[in-house]
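Structure first, commentary second.
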Amino acid sequence: MNKKLSIQDLFYIFVISSVLGWLIEFLFLYIRKGIFVNHSSLVLGPFCLAYGFGGALLTLLLYRFEKKNLLSIFFLSFLSGTILEYFMSFGMELVMGFCAWDYSNVPFNINGRVCLLYSLFWGFLGIFWIKGIYPLFYKINQKLHNKWGKIGMILFTVFLILDTLLTISAFIRVKQNLKGIPPQNQYEVFLDTHFGFDYLDNMYSHLERIKSDAQ
């Protein structure tokens, strides 16, 4: 049977991949350093968007190759994941003034945005995803092709849009706060109280650059 991907399929793949990516980084840092770090891309919820976009992209590129040999899947994942990570790094720096990761000190990197080690990781991740997780997800997700699945997608989309706007607002307010600009309204007081520098610094390991620039 030929599998066909719908917008709903890709959306739920994006969400699940975002959460799984957050969980992987959370556990990795705890095991490695013994600390709890929230590396979510958004201020509300455990969503690591790089993994979300990566999961959706890898699925879109690879689902037809589910039965192909591992080497073909590896190289396609290696290349597509590297390109995605590079442009996400560039876009994040363009919009927010910094990037959450920097591979400048890692061997075989390109402008600190991507490196060979994590490109290899993308390659193996593609194999693991398309050979292991995706077939299971596809079977489960077929049961969501009803009105409740569509309603869930709409509600979650609205939530993610609002979460993204809140995150951008928090970054803008942090920059203003570091420049000594006091809050102008209750919304900015809310941002200072709940999503200030310390909160965002726990999410983004290179947020100190904003503080240095402000000073």
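Results, tabulated for the structure shown:
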| quantity | calculated |
| --- | --- |
| Options Leu29, Leu76, Leu116: the member that is of a type outside the set (Asp, Glu) and closer than 19 Å to Ser18 by Cβ | Leu29 |
| Some residue of the range 59-74 being among the small types (Gly, Ala, Ser) and under 19 Å from the mean Cα position of the chain (by Cα) | no |
| Residue list for the range 179-215, filter: among the aliphatic types (A, V, I, L, M) and either assigned to a loop (DSSP other than H, G, I, E, B) or modelled with pLDDT of 85 or more (or both) | Ile181, Val189, Leu191, Leu200, Leu207 |
| Identity of the residue in the range 80-123, assigned to a loop (DSSP other than H, G, I, E, B) and touching a residue at least 40 places away in the same chain (Cβ under 8 Å), that ends up farthest from Leu165 (Cα to Cα) | Asp102 |
| Restricting the range 34-54 to residues that are crowded, with 21+ Cβ neighbours inside 10 Å and small (Gly, Ala, Ser), the residue that is nearest to the chain's Cα centre (by Cα) | Ala50 |
| Test: residue in the range 28-43 that is within 27 Å of Lys4 (Cα to Cα) and among the β-branched types (Val, Ile, Thr) | no |
| Residue satisfying condition, being touching a residue at least 12 places away in the same chain (Cβ under 8 Å), surrounded by fewer than 19 Cβ atoms within 10 Å (Cβ to Cβ) and of a type in the set (A, V, I, L, M, F, W, C), within set Leu71, Leu61, Leu57, Leu29 | Leu61 |
| Extreme residue, nearest to Glu66 (Cα to Cα), among residues of the range 86-132 that are buried (at least 20 other Cβ atoms within 10 Å of the Cβ) and among the polar types (S, T, N, Q) | Ser119 |
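The values are calculated or read from the model by the stated rules, or taken from the named source; none is laboratory data. Fair warning: this is a prediction, and the values are worked out from it, not measured in the lab. We place every Cβ from the backbone using ideal geometry, glycine too, and count neighbours over all the protein chains shown.
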